[in-house]
1. Taking the stretch 72-90 as the region of interest, how many residues are within 26 Å of HIS227 (Cβ to Cβ), crowded, with 16+ Cβ neighbours inside 10 Å and not basic (Lys, Arg)?
2. Residue by residue through the stretch 197-216, note down the ones that are within 21 Å of GLY96 (Cβ to Cβ) and not in a strand (DSSP E or B).
3. Could you give every pair whose Cβ atoms fall below 9 Å, whose first residue belongs to the stretch 213-232 and is closer than 16 Å to PRO201 by Cα and surrounded by 20 or more Cβ atoms within 10 Å (Cβ to Cβ), and whose second residue is β-branched (Val, Ile, Thr) and modelled with pLDDT under 95, counting only separations of at least 6 or pairs across chains?
4. Listed residues ASP63, ASP136, ASP120, ASP112; which is modelled with pLDDT of 95 or more and in contact with a Ser or Thr (Cβ under 9 Å, 6 or more places away or on another chain)?
5. Cβ contacts < 6 Å: first residue closer than 17 Å to THR99 by Cβ, restricted to the stretch 163-185; second residue among the hydroxyl-bearing types (Ser, Thr, Tyr), any location; separation 6+ or different chain. Result?
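The values are calculated or read from the model by the stated rules, or taken from the named source; none is laboratory data. Everything quoted here is computed from the prediction, not taken from an experiment. Methodologically, a virtual Cβ is constructed for each residue, glycine included, from the backbone with ideal geometry; neighbour enumeration extends over all protein chains shown.
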Amino acid sequence: MKPSYKKLFVTIFILLLLVVILQEYYGNRLDPTMITDKLDLGPACQVPLQISSEDRNGNNIPDALDLVQGARQEVERGTLYDASYYSGGYPPQGKGCCTDVIWRAFEAAGYDFKTMVDEDIKNYPGAYGTTGRQPDPDIDFRRVKNLQIFFKRHGQELTTEVKPGKVENLKQWQPGDIVVFGDPLEHIGIISDQRLHSGVPLVIHNGGPRASEVNALQLWPSKIIYHFRFFT
């Protein structure tokens with residue numbers, strides 16, 4: 001191994017070791033790909049921003065970007081993972097799970113997401129299976145499968161493929177989009193406005209121990225089963 005490559009290898013190893021150590025304290029908010037990504041000195045993959053101009057709360061920020069900002073607040077406040085059942089439905093601030101990132105993000109954009117889901121279940125119970133037959137407003141809007149059905153009914157379905165460095169593929173992944181992962185670790189998150197050098201967008205989610213903004217599209221252990229866009 002040439003000296004220059006050896007030095008690079010040692011540097012990468014030290015960085016990854018540092019990430020592993022820090023993850024013991026900070027959980028998956030730290031993503032090793034976000035560090036090694038910076039070592040690529042080639043040109044970054046430039047992906048154009050293509051989002052709806054819809055602005056529900058009239059703050060001159062498109063709803064899609066409001067979703068991103070609302071979701072990022074979960075990361076900034078260090079929301080602890082908590083999927084407990086709460087009477088009234090809403091967990092206290094500072095606690096929540098992956099689905100809580102979603103409703104809090106929509107709330108930041110001016111939407112009453114809980115009511116939207118509850119009314120859809122009430123009006124179209126057949127679409128929601130067991131939930132439709134036995135609805136529980138205190139938890140229904142915090143279940144991944146229910147949100148999967150809701151967005152399938154009211155959103156646009158897009159590609160589930162992620163191709164690093166391929167602009168035509170990556171421009172289909174835009175800020176504010178919703179990604180759903182299947183079994184064995186069923187999960188949901190919001191596509192960030194931040195991208196890796198490869199053009200792959202980060203995901204804002206809460207997979208424990210705290211909310212994070214990481215490269216979940218490539219690193220989450222379950223397969224991507226749905227990719228939705230609510231604002232079209």
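1. First pass over the stretch 72-90, keeping only residues within 26 Å of HIS227 (Cβ to Cβ): 72-76, 79, 81, 83.
Next, only the ones that are crowded, with 16+ Cβ neighbours inside 10 Å stay: 72-75, 79, 81, 83.
Applying the additional criterion that residues be not basic (Lys, Arg) yields 73-75, 79, 81, 83.
Of the residues in the stretch 72-90, 6 are within 26 Å of HIS227 (Cβ to Cβ), crowded, with 16+ Cβ neighbours inside 10 Å and not basic (Lys, Arg).
2. Within the stretch 197-216, GLY207, GLY208, PRO209, ALA216 meet the criteria.
3. Short answer, once both residue conditions are applied: VAL214/THR33; ASN215/THR33.
4. ASP63
5. Matching pairs, first to second residue: VAL180/TYR226; PHE181/SER222; GLY182/SER222; LEU185/SER222.
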